[in-house]
Amino acid sequence: MSKKHQTLGEFIIENQQAFPYSSGELSRLINSIRLAAKVVNHEVNKAGLVDITGAAGDTNVQGEQQQKLDVYANQKFIQTLTNREIVCGIASEENDEYITIQGHNNDHKNKYVVLMDPLDGSSNIDVNVSVGTIFSVYRRVTPVGTPVTMEDFLQPGNLQVAAGYIIYGTSTMLVYTTGHGVNGFTLNPAIGTYYLSHPNMKFSEDGNIYSINEGNYAQFPQGVKDYLKYCQADEGDRPYTSRYIGSLVSDIHRNMIKGGIYIYPSSSKYPDGKLRLLYECNPMAFLAEQAGGKASDGFKRIMDIKPNELHERAPFFCGSKNMVEKAEEFMQKAKTK
Ligand code: AHG
Ligand code: MN
Ligand code: MN
């Protein structure tokens with residue numbers, strides 16, 4: 001059982017038996033993520049000091065301009081994950097194609113694939129607002145001893161063995177699940193140690209925060225428009241509070257602690273929504289469900305979607321269970337009208 005004041009290292013060792021397959025590899029994988037997160041955290045904290053922000057000149061797969069810290073975070077996570085004999089492949093928002101990791105003896109013996117958004121909310125760096133890292137972990141489906149294939153990455157979210165995020169905020173936190181609830185660890189930067197600060201995190205069943213980029217209202221599907229009017233109505237415990245940072249990790253983190261719903265719907269500009277299924281929606285959905293919440297594309301469970309492409313997008317409704325179900329009700333009603 002989790003104890004307050006426990007370090008992340010202690011927690012990983014104590015809970016290793018509860019991990020699937022329990023060979024210790026997944027523990028080592030989480031360990032390497034916490035290490036990379038410390039390095040990235042150090043760099044993110046310096047962003048205002050040195051001329052490190054701003055566009056790196058490259059454009060990523062989504063046609064978005066890359067910030068230098070995106071590239072840096074991507075490199076650090078790839079390096080750290082590659083240096084250990086655990087991961088056989090990595091897919092990242094910042095790489096068009098997946099990366100094959102052969103392992104030290106070129107024997108392709110490693111068992112896990114990692115999919116990640118190395119720096120989420122990166123447009124917020126220039127204005128000193130929290131950013132994050134999101135990761136999703138699967139066991140490979142192709143035989144050990146052969147190079148990874150696309151099949152290993154295109155697994156539905158319900159097969160994830162671990163997922164989490166790091167939030168580089170007023171404090172830096174690592175929040176993750178291995179399918180046994182959600183735990184949050186806060187970094188003490190003075191000594192570089194993460195402590196269990198948020199054991200067994202839960203989304204309250206109901207909430208009173210809704211988070212959506214309402215500037216796009218005119219382009220939203222009718223069901224979302226109707227749900228927003230419901231959130232804003234002066235009835236019962238409503239109107240709800242509107243909070244939107246524009247940094248998925250921060251918006252979800254706040255809503256998980258306070259109770260709320262995050263929505264990035266389809267729109268005329270983004271017919272499938274903006275967020276990426278494999279390294280934004282799925283890991284957040286796994287965390288949400290493990291915290292008693294819900295994640296949907298407006299009609300069906302996010303984690304049951306069978307992916308077709310590495311960088312595909314999905315509409316995303318995530319948060320307190322009753323709020324997501326209410327939003328789905330409005331989506332359904334508008335569809336059948
Ligand atoms: P990224 O920085 O990895 O490209 O992700 C940005 C995402 C997500 O963090 C955020 O919730 C969303 O984009 C904000 O989009 P809008 O500016 O369209 O609201
Ligand atoms: Mn992102
Ligand atoms: Mn990103």
Worksheet, complete the sentence: region 97-113 and region 250-303 have their Cα centres apart by a whole-number Å value of 30 Å
Discussion item. Once the convex hull of the alpha carbons of region 209-336 is built, what does its volume come to per residue, in cubic angstrom?
Written reply: 103 Å³
Practice prompt. Pop a pseudo-label 7 angstrom from the Cα along the beta-carbon direction at both GLU85 and THR193 and give the gap in nm to one decimal.
Written response: 3.0 nm
Discussion item. Going by amide H atoms built from the backbone, whose H comes under 5 Å of the H on ILE101, apart from near neighbours?
Written reply: GLY89, ILE90, VAL148
Item to complete: Calculate how steeply helix 222-232 sits against the longest principal axis of the alpha-carbon atoms of the chain, using the helix alpha-carbon long axis, and give the answer as 0 to 90 degrees to the nearest 10.
Response: 80 degrees
Discussion item. Report, in listed order, any pair from LYS300/LYS326; LYS300/LYS333; LYS76/LYS111; LYS225/LYS269 with a Cα-Cα distance greater than 19 Å.
Written reply: LYS76/LYS111
Response to the item:
Whole-Hz Karplus couplings 3J(HN,Hα) for region 210-216, θ = phi - 60° and coefficients 6.51, -1.76, 1.60, Gly and Pro as x, run 10, 10, 7, 7, 6, x, 8
Practice prompt. With no solvent and one equal point scatterer placed on each C-alpha of region 8-198, evaluate the Debye formula and give log10 I(q)/I(0) for q = 0.08, 0.09, 0.18 Å⁻¹, two decimals.
Written response: -0.25, -0.32, -1.26
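Across every pair of different alpha-carbon atoms, what Kirkwood hydrodynamic radius in Å does region 147-210 reach?
Numbers: mean 1/r = 0.0704 Å⁻¹.
In region 147-210 this quantity evaluates to 14.2 Å.
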Fill in: Relative contact order of the chain, defined on C-alpha pairs under 8 angstrom at six or more residues apart (%)
16 percent
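Taking every DSSP beta bridge that has both residues in region 209-336, what percent is antiparallel when rounded to the nearest 5? Intermediate values should be presented prior to the final figure.
Values: 9 of 15 bridges.
Restricted to region 209-336, the bridges split so that about 60 percent are antiparallel.
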Practice prompt. Work out, step by step, the length gained on full extension between LYS225 and ASP126: first 0.36 nm times the residue separation, then minus their alpha carbon distance; give nm to one decimal.
Written response: 32.5 nm
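Could you give the Stokes-Einstein D for the chain in µm² per second, using the C-alpha Kirkwood radius, 10 °C, 1.306 mPa s? It would help to have the intermediate numbers written out before the result.
On the way: Rh = 20.2 Å.
For the chosen part, D equals 79 µm²/s.
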Fill in: Residue (of ALA163, ILE30, MET323) at the positive-pole extreme of the chain, dipole from beta-carbon charges
MET323
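Throughout, read-outs are computed from the coordinates displayed, never taken from laboratory work. Bear in mind the structure is a predicted one, so any value in this text is a computation, not a measurement. Glycine also receives a Cβ, built like all others from the backbone with ideal geometry; neighbour counts cover every protein chain displayed.
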